1. Which numbered condition trips up residue 9, out of (1) surrounded by 20 or more Cβ atoms within 10 Å (Cβ to Cβ); (2) outside any loop (DSSP other than H, G, I, E, B); (3) within 16 Å of the ligand (Cβ to nearest atom)?
2. Within the stretch 58-81, restricting attention to residues that are of a type in the set (A, V, I, L, M), over 21 Å from residue 201 (Cβ atoms) and within 16 Å of the ligand (Cβ to nearest atom), which residue is farthest from the chain's Cα centre (by Cα)?
3. Out of everything in the stretch 446-504 that is farther than 23 Å from residue 428 by Cβ and among the basic types (Lys, Arg), what residue ends up being surrounded by the fewest Cβ atoms within 10 Å (Cβ to Cβ)?
4. So which residues in the stretch 70-126 are of a type in the set (Lys, Arg) and modelled with pLDDT of 90 or more, if there are any at all?
5. Please verify whether residue 627 is under 30 Å from residue 462 (Cβ atoms) and buried (at least 20 other Cβ atoms within 10 Å of the Cβ), treating the condition exactly as stated.
6. How many of the residues in the stretch 178-206 are part of a strand (DSSP E or B) and away from the ligand (no atom under 13 Å from the Cβ)?
7. Please go through the stretch 152-177 and give me each residue that is more than 12 Å from the ligand (Cβ to nearest atom), part of a loop (DSSP other than H, G, I, E, B) and in contact with a strand residue (DSSP E or B) (Cβ under 6 Å, 6 or more places away or on another chain), ordered by number.
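The values are calculated or read from the model by the stated rules, or taken from the named source; none is laboratory data. Bear in mind the structure is a predicted one, so any value in this text is a computation, not a measurement. All Cβ positions, glycine included, derive from the backbone under ideal geometry; neighbour counts span all protein chains shown.
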Amino acid sequence: MLNLTRQMIEIRNLLASIDHDGLRLPSIVVIGSQSSGKSSVLEAIVGQEFLPKGSNMVTRRPIELTLINTPEAAADVAEFPALKMHNLTDFEQVQKILLDLNLAVPEKDCISSDPIQITIRSPRVPDLSLVDLPGYIQVEAADQPLELKQKIRKLCDRYLEAPNIILAISAADVDLANSSALRASRTADPRGERTIGVVTKIDLVDPERATKILTNKKYPLRMGYVGVITKAPPTSKGGSGLFSRKAISGYQAYVAQQNFEHSYLKENKEDFYGTTTGTRNLKKKLMKVLEKSMAASLAPTHLAIQQDLEETSYQFKVEFNDRPLTPEMYLANNIDMLKLATKDLSHEFSRRELKSLLKNELDQKVLDLLAERYWNKPFNLKQNQNALVEPNLKELSQITNIDDDIYWHKKLDLTTSSLTKMGVGRISTSLVTNALLKEIENLVDNTQLKNHPMAKNAVSEAAKTVLGAKYYSTADQVENCIKPYKYEIEIEDREWQASKENSVRLLKEEIRQCDEVYNNLKKQIGGRKLQQVVSYLERLKQQQTTDVDFNSPEALGFSPSLIQRGQDAIFLKDRLSLLKMRYSFVKNSKKCKKKENKYQCPEIFLDAVASKVTSTSILFLNVELLSDFYYNFPRELDMKFFNNLSKEEIEKFAKEDPRIKKHIELQERKDLYENALSKIESVLAIQRTKTTGIVKNE
Ligand code: GDP
């Protein structure tokens, strides 16, 4: 018997998560005005003081209480499944949690319809499912705004609806005509078919009067009334006479109540003849009534679930082609796709790509160095002065025997050393690291993960973790392996030829860019105006008037910014003519065909150095960083997504995508229906064997 009810309670709780009025198995809803003894009744049933107390304590959220009988258990245990709090044995703590949960509802809202779920397991409790309903009575009494009253009423009405059973608590020392619990239950259950009347405090009136109340015909209830004493008076004979009432609590209070009730009812046995009294009998009655009404609800619920299941299955088939999906599957699929894509990346993004990436970067550095060390004169007025002292780049192309020219030797040596000592280890490692991070970002954007900000972030974190772990050691290794180039560089003819071609290409591109900037400048200012200011500046240059104050009114009415633009234009023109000169020299001069003439062709030589540094760096980067990344990144993904994420987080992740959310929820609903159906079927089967058994026995 007991187990059947428990199974039905399980089914009830299962169905409770579905927001569907037709799919409800009954529960017992407890109502009573303040001080009617409602809390005392619930605590006498549970055998523990667990409800928050205090003169101002009004329940603000429904408490859904599941009681599970555990005959073998040594202690009473409470749990709040929604809060993931299990195995609580300290009921003062339970009381405190309930108080906090209640107080979390803002006073202005008065109540919340979100129920608090609590399960208590104890050898003393029967298998029951009870709801402590908030504030019904407040509606009648308090002067709250209409809207709030309606809200409270709506919430209560939903709980008081069939098939739920109403436990209406009234105190014996108050006229039943004034019982707000009975008034409320009569509205929800006018024929009194689902209501059990509980009359508390029968010790406060004389037994005759109590019996009259319990057997009254004025407010008939089919399930009748039960008289109880749920609190022992301050001093009682019930085994706790030594203690004042305030001094006892918890289990002691329960024992005192049980003893007092027992002896009081025993003493007045004759007066109470023909009535139902005592918390023990109340518990029995509740169990019986609940089991019966649950059993009666099973068949209709089964039918309703079947209908819903059919509809859900159809929808599942049409919309999702019966494809099973759970949050875990969705996550695993996505991570697998990402891993596959990373594998493909390891073929595509390997040495060759890395090489051109790093070479491009070094090409830019080489161009910067050339601009800084070689292509810098004569560009503006002030530097032009120095050009008188220092050899001019034009001279370089014209020198016939450069071997003697220490100036150009030193220049190339210094520039080469700037290139090899600029921190290639760090530059190349960051370059590859950033490029890989970008590639991974692109991969993610090609999967469904792009719809999940949290996951996107986690993937990028995983990549950063793996790359970060190797960053410094790789940078050091690369720096070490290019060390020889800091001292000596041997270049082969083949390499020289390739670098010559690349230099020509780079110079050509540099000319194009320079030209573009110059034309843009012209467009912005207007060709004529630019020409005017340029001519003015060039005239000044010819006059060697270098200390002109351009801000003075003598500057022919040109604004300082126009003068600046004019200087930029001259700079660009100079740079262009210089680049063109170098372009034709590097491309056509016989000198540039031979590596021996490196001092005259710094562009080619520096390119050759950059190529060598690139090849060597990439060799190490490939082993140190890339191979390590392709090996460890998938493992890090597993760590981040499967080891570190909780079930809830995975679910939250999957449901970020509305379509996936729908798919998963439909599947969950289907699973839940199937599960509930099979449970109901097994209970129905037991019931059937029981009835046929009884028939046979008869
Ligand atoms: P609630 O406000 O409806 O939850 O009522 P409580 O359970 O807090 O009880 C209100 C008061 O009545 C408390 O002081 C209880 O001690 C007292 N009380 C409750 N049940 C009984 C009873 O059966 N007999 C007596 N004498 N007092 C009771």
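1. Among (1) surrounded by 20 or more Cβ atoms within 10 Å (Cβ to Cβ); (2) outside any loop (DSSP other than H, G, I, E, B); (3) within 16 Å of the ligand (Cβ to nearest atom), the lone unmet condition for residue 9 is (3).
2. Selected residue: 65.
3. Step by step, filter the stretch 446-504, then rank; the result is 494.
4. Once the filter is applied, which keeps residues that are of a type in the set (Lys, Arg) and modelled with pLDDT of 90 or more, the stretch 70-126 yields 96, 121.
5. no
6. Qualifying residue count, the stretch 178-206: 3.
7. Selection gives 164 alone.
One line per residue, one yes/no per condition, for (1) among the basic types (Lys, Arg); (2) away from the ligand (no atom under 16 Å from the Cβ); (3) surrounded by 14 or more Cβ atoms within 10 Å (Cβ to Cβ):
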| position | (1), (2), (3) |
| --- | --- |
| 255 | no, no, yes |
| 263 | no, no, yes |
| 267 | no, no, no |
| 276 | no, no, yes |
| 293 | no, yes, yes |
| 300 | no, yes, no |
| 307 | no, yes, no |
| 311 | no, yes, no |
